[in-house]
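> Could you have a look at this structure, given as structure tokens, before my questions?
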Amino acid sequence: MNALRKLLDKMKPTFSEGGRLSMFRSVFDGFETFLFVPNSTSRSGAHIHDANDSKRIMIMVVIALIPAMLFGMYNVGYQHFLAVGRLAETGFWPVFWYGFLAVLPKLIVSYLVGLGIEFTVAQWKGEEIHEGFLVSGILIPLIVPIECPLWILAVATAFAVVFAKEILGGTGMNVFNVALITRAFLFFAYPTKMSGDQVWIRQDDVLGIGEGQLVDGFTGATPLGQVAASTEPVAQITNAVGEPSSVLDAVVGLIPGSIGETSVIAIALGALLLLVTRVASWKTMLSVFVGGGLTAFLFNVGGMESPVAQLPWYDHLIYGGFAFGAVFMATDPVTSARTETGKWIYGFMVGMMAILIRVLYPGYAEGMMLAILLMNLFAPLIDYCVVQRNVSMREKRAKSVNSKI
Amino acid sequence: MSLFSKQSKEAFLTPLFTNNPVSVQILGICSALAVTAQLEPALVMGISVTIVVALSNVIISLLRNTIPMRIRIIVQLVVVAALVTIVSQILKAFAYDVSVMLSVYVGLIITNCILMGRLEAFAMSHGPWESLLDGLGNGFGYAAILVIVAFFRELLGSGKLLGFEVIPQSFYEAGYMNCGLMLMPPMALVLIGCIIWVQRAIEAKNE
């Protein structure tokens, strides 16, 4: 630690104003504050100090995402080996290694493009480098299908960083969740690479690992895709080789889906960390599940005759991106509601909208992305109403006290 | 007023860039979103609007001293509607495919804010020659934005320009895909935003 500090101190004059590399000042500053809490304090006014600055909050979210990411890598390998019929003969490590090699390029591309733009903009405008992309960069690969081509991912990331974040003023000023804008862009611009039944399971080998022909009767659809496409009143959910897939598979996460969204257990581990460190709001998180569960339950008992409406309410919460969105996306402190009452309303509406889109709009098998983006838009309005209500209540109280006097 | 005085030059040139009806006054956005998925309808739309603005400007300018102030909007509308109907009929007769592509948007030129804006702000208080130049300038300014937007939308959205394949087949074989979002109106809005962005950056540099 000391050696690192000394190295940074030695390098500092080169990057300071007038130094040889002063044009890269913000890059240096970014890395320095990334490694150490800045030692400077404000010189005027009263400020609340807390070591928990936004860089450390972001890192906490990244750590919380690691279980989902590691499991996602394993699941990519698992689904592939299942699809080529070689799962029984392959050990744990080759399966994980396959998934690791398949996911890693996406992670690199996402960070390279996103951070590249952020660094360039910061240098160009002479501002500090914002750390907002730390989380987005790991979220983006986790919410896309494994077969999404890298160049498309790069285009979408660039689009989202520029148009959803930088033009609005950078980190903390964005109206929409940047990672979700990336996904929405992909979803509408390249629908064949983002939906359907061909993109969720990787079929080719990676660097010679996992060669093999697809088994007969291969189906690559996600559980929600199967439910949406089902012609029977109660959908039969199967895995890639056509065997029935149980709820336990979905909880563990061994189902096709976006890379990081499948495992409820891995997501729960992340959620636990976020809640214990109080990085994410438990109110938002809980109310998303309540809203989604209640809406799905009403469809269950309401007797609407469609396989999606009849999918048990707890299945709605564990299939698809619901849990992932509720834990990592809806709780984004920038784009969600900030008032305490607002958090309840916001979360409930996210869950409700997600299920409504799933059930009532057959074109979209998954509704979480659109639900969160929609509610992102309404979050400021919710906050405004909550604040105004408080203002008018206090006003009324003040008047009644005055009249008594 | 001489033919090429400073004033008449200005009337023609400012709407092309510094006072562009779309990118500066933010008028006519609706049609700019609707007809720019391909280059051909955008070009035809640009030409149609140019003709209608220029002619209606001249007519209103000639009539400006005889139009009672109270009913001027109705008079303007009658002139514009007549011209739009003529343009629409000509398109149907000579370029039926394009007129089908443009569908209602030719008729909706009547309600295009650029037209009423120019008639009210310029033609009612200027001579016919200047009004003609102003109309042409605004029409070209509008058409220019439409063509730029349509160029990118058609190129990136369907890999074509004016209906011809311009992106080689080898690109597609290498994994390139057309961006479906480019064919939807939101992307036109983003592209217009980019044009405004570039324009303001240039102006900020010039100041």
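> For A:Thr238, what residues show an amide H to amide H distance below 5 Å, using hydrogens built from the backbone and excluding near sequence neighbours?
Under 5 Å from the amide H of A:Thr238 lie the amide H atoms of A:Ser245, each far enough along the sequence or on another chain.
> Charges only on Cβ, +1 for Lys and Arg, -1 for Asp and Glu: so what's the dipole of the protein assembly as shown about the Cα centre, in debye to the nearest 20?
Approximately 2380 debye in magnitude.
> Could I ask something else about it? Between A:Leu248 and B:Val190, what is the FRET efficiency for a Förster distance of 45 Å, r being their Cβ-Cβ separation, to the nearest 0.05?
That gives a FRET efficiency of 0.55.
> Something else about it: In whole Hz, with x marking every Gly and Pro, tabulate ³J(HN,Hα) for the stretch A:62-76 from phi via Karplus 6.51 cos²θ - 1.76 cosθ + 1.60, θ = phi - 60°.
Going residue by residue, I get 4, 4, 5, 7, 4, x, 4, 5, 4, 5, x, 4, 4, 5, 4 Hz, with x marking Gly and Pro.
> Note down the Stokes-Einstein diffusion coefficient of the stretch A:232-309 in µm²/s, whole number, using a Kirkwood radius over alpha carbon pairs, 37 °C, and 0.692 mPa s.
In µm²/s, the coefficient is 221.
> With only alpha-carbon pairs counted, each pair once and no self-pairs, how large is the Kirkwood hydrodynamic radius of the stretch B:8-206 in angstroms?
17.6
> Another question, then. Dividing the convex hull volume of the Cα atoms of the stretch A:280-405 by its residue count, what figure in Å³ per residue is obtained?
Considering the Cα atoms of the stretch A:280-405, their hull volume per residue is 116 Å³.
> With each run of n ≥ 4 DSSP H residues scored as -39500 (n - 2.57), what mean residue ellipticity at 222 nm is computed for chain A after dividing by its residue count and rounding to the nearest 500 deg cm²/dmol?
Here the helix-only value at 222 nm equals -19500 deg cm²/dmol.
> Same structure again: Give the residue from A:Gly170, A:Val241, A:Gly225 lying farthest towards the positive end of the charge dipole for the stretch A:159-250; charges sit on Cβ (+1 for Lys and Arg, -1 for Asp and Glu) and the dipole is referred to the Cα centre.
Of the listed residues, the answer is A:Gly170.
> Under a point-charge model restricted to the Cβ atoms of Lys and Arg (+1) and Asp and Glu (-1), what is the dipole moment magnitude of the stretch A:280-405 relative to its Cα centre, in debye to the nearest 20?
880
> Let me ask you something else. Tell me, what ³J(HN,Hα) does each residue in the stretch B:73-83 have, in order and in whole Hz, if you take phi through Karplus 6.51 cos²θ - 1.76 cosθ + 1.60 with θ = phi - 60° and put x for Gly and Pro?
Rounded to whole hertz, the list is 4, 5, 4, 4, 4, 4, 4, 4, 4, 4, 5.
> Using a probe of 1.4 angstrom, how much of the accessible area of the protein assembly as shown is carbon and sulfur, in percent?
Summing carbon and sulfur atoms, their accessible area is 67 percent of the total for the protein assembly as shown.
> Hey, quick one: spin label on A:Tyr314, modelled 7 Å out along Cα-Cβ, who in the stretch A:220-256 has an amide N within reach, i.e. under 12 Å?
It comes to A:247-248, A:251, nothing else.
> When the Cα centres of the stretch A:297-368 and the stretch B:58-137 are compared, how far apart do they sit, in Å?
Comparing the Cα centres of the stretch A:297-368 and the stretch B:58-137, I get a distance of 50 Å.
> ³J(HN,Hα) across the stretch A:176-183 via Karplus (A = 6.51, B = -1.76, C = 1.60, θ = phi - 60°), whole Hz, x for Gly/Pro?
Each residue's phi maps through the Karplus curve to give 10, 5, 5, 4, 6, 5, 4, 5 Hz.
> Any idea how far apart A:Met304 and A:Tyr364 come out in nm if each label point goes 7 Å out from Cα toward Cβ?
About 1.4 nm, to one decimal.
> Report B:Ile90's accessible area, 1.4 Å probe, all protein chains in place, as a number in Å² to the nearest 10.
90
> Which far-off residues, 5 or more places away or on another chain, put their amide H under 5 Å from the one on B:Leu161, with H placed in the peptide plane?
B:Val166
> Which value in deg cm²/dmol, rounded to the nearest 500, describes the helix-derived mean residue ellipticity at 222 nm for chain B, given -39,500 (n - 2.57) per DSSP H run of n ≥ 4 and division by the residue count?
Dividing the helical sum by the residues of chain B leaves -22000 deg cm²/dmol.
> Calculate the spin-label point distance for A:Leu294 paired with A:Asp204, positioning each point 7 Å from the Cα along the beta-carbon direction, and give it in nanometres.
Placing both labels 7 Å along Cα→Cβ, they lie 4.8 nm apart.
> With each label point set 7 Å from Cα along the Cα-Cβ vector, what nm distance links A:Glu127 and B:Ala82?
With each label placed 7 Å out from Cα toward Cβ, I get 5.5 nm.
> When you look at the Cβ of every residue in A:181-193, what mean number of other chain Cβ atoms sits within 10 Å?
Mean partner-chain Cβ count within 10 Å for A:181-193: 3.
> Just check the protein assembly as shown against the gyration tensor rule for me: Cα atoms, a ≥ b ≥ c as the square roots of the eigenvalues, rounded for a/c under 1.5, and otherwise prolate or oblate depending on whether a/b exceeds b/c.
Verdict is prolate for the protein assembly as shown.
> Looking only at other chains, what is the average number of their beta-carbon atoms within 10 angstrom of each beta-carbon in B:173-179?
4
> Would you please classify the overall shape of the stretch A:159-303 from the alpha carbon gyration tensor, given that a ≥ b ≥ c denote the square roots of the eigenvalues, rounded means a/c under 1.5, and beyond that prolate means a/b larger than b/c while oblate covers the rest?
Note, shape of the stretch A:159-303 comes out oblate.
The values are calculated or read from the model by the stated rules, or taken from the named source; none is laboratory data. Predicted, not measured: the structure shown is a model, and the values here were computed from it. Backbone-built Cβ (ideal geometry, glycine too); neighbour counts: all protein chains shown. In case anyone asks, the SASA skips ligands and DNA or RNA and just uses the protein heavy atoms, side chains included. Shrake-Rupley method; radii C 1.70, N 1.55, O 1.52, S 1.80 Å.
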